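Asks: Handing you a structure now.
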Amino acid sequence: GLGSRDRWWCYQALQGVWPADEVARLIGRPVDGCPWPEAIVRRLEDVSPWVRWRALDLMTFLPERMLAKVDRASMAHGLEVRVPLVDHRLTTWALGLPPDRARDKGLLRAVLRRMGGADPPARKRGFEIPLGAWLRGRLRSRMESELAHPVMDELGLNQSVVRATWRQHLRGREDHAERLLALVVLGRWVRRFL
C-alpha cells in the first residue's frame, strides 16, 4: 500500500494490478528489490516526487499499458489514432510545471485550443467493460476452471490467497477482476509458451 517501503514501491502500489505486499502473500515470500529497472531509478533518483511519478507514467504505464491498448484497439478496427498530448515537447514542458498548475483543467483546455482541438466535454465520459460482472456471471465457470488449473500450483501461487480473492470478488465485496484476470492470463501464457 501507500505506507510501503519507499517512494518506488509507493508508485507501484498505486499502478500495479497486484501491489507488492499482495504479491508477497500470493507467492509466499517477500518481494525484494525495486520494481523498476535500475536505469530508470538512477535517472529519477534526485528529482521531486511529482516529476518522478509523472516520468514513471511516461516511461512505463503509458507505453506498456495505456498506449499499447489504444494501438491494438485502433489497429484491430483500421483506425488511425494520434495522441497529441504525449508529444515530447509538450510533456517536457508539463513536467516543468508546479503540481497545482499542471492539474489545472483550464490549462489543458488552453493547450488543446492552441493545438487546434476542441475543448473536452464538460462532463467526463469513461469507457470500461463490465469485467467484474462478467467474471461473476457468464465467465464464472471458465474463471473457476482456469484458477483451479494445475499450472497455478506449478507457479507456486498460494492457493488460499487465490481462493480468498475469488470469493471476495464473487461476493461483490471487492472488485478483483483485474487481479484475477492477470492470474488467468499468466497461467495460460505459461501453458502455451513454457
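The values are calculated or read from the model by the stated rules, or taken from the named source; none is laboratory data. Here the structure is a predicted model, which is why all the values come from computation and not from measurement. All Cβ positions, glycine included, derive from the backbone under ideal geometry; neighbour counts span all protein chains shown. The accessibility values were calculated without ligands, DNA or RNA, using every heavy atom of the protein model including side chains. Shrake-Rupley method; radii C 1.70, N 1.55, O 1.52, S 1.80 Å.
Asks: Among Val70, Val111, which is within 26 Å of Ala177 (Cα to Cα), in a helix (DSSP H, G or I) and of a type in the set (Val, Ile, Thr)? Step through it out loud before you land on a result.
Replies: Numbers: Val111 fails: within 26 Å of Ala177 (Cα to Cα).
Of the residues listed, the single one that is within 26 Å of Ala177 (Cα to Cα), in a helix (DSSP H, G or I) and of a type in the set (Val, Ile, Thr) is Val70.
Asks: If you check every pair at least six apart or on different chains, which have Cβ atoms under 8 Å apart with a residue in segment 56-79 that is open to solvent by less than 70 Å² (accessible area, probe 1.4 Å) first and a residue that is in a helix (DSSP H, G or I) and among the aromatic types (Phe, Trp, Tyr) second?
Replies: Here the result reads Leu56/Tyr11, each pair linking segment 56-79 to a residue that is in a helix (DSSP H, G or I) and among the aromatic types (Phe, Trp, Tyr).
Asks: Hey, could you check segment 69-99 for residues that are among the acidic types (Asp, Glu) and at pLDDT 85 or above and say which is nearest to Pro49 (Cα to Cα)?
Replies: Asp71
Asks: Going through segment 166-184 one residue at a time, which ones are within 15 Å of the chain's Cα centre (by Cα) and either at positive phi or in a helix (DSSP H, G or I) (or both)?
Replies: If the condition is that a residue be within 15 Å of the chain's Cα centre (by Cα) and either at positive phi or in a helix (DSSP H, G or I) (or both), then Ala177, Glu178, Arg179, Leu180, Leu181, Ala182, Leu183 are the ones that fit.
Asks: Shifting gears a bit: Just wondering, is there one or more residues in segment 123-134 that are of a type in the set (A, V, I, L, M), surrounded by 15 or more Cβ atoms within 10 Å (Cβ to Cβ) and over 30 Å from Leu90 (Cα atoms)?
Replies: There is no residue in segment 123-134 that is of a type in the set (A, V, I, L, M), surrounded by 15 or more Cβ atoms within 10 Å (Cβ to Cβ) and over 30 Å from Leu90 (Cα atoms).
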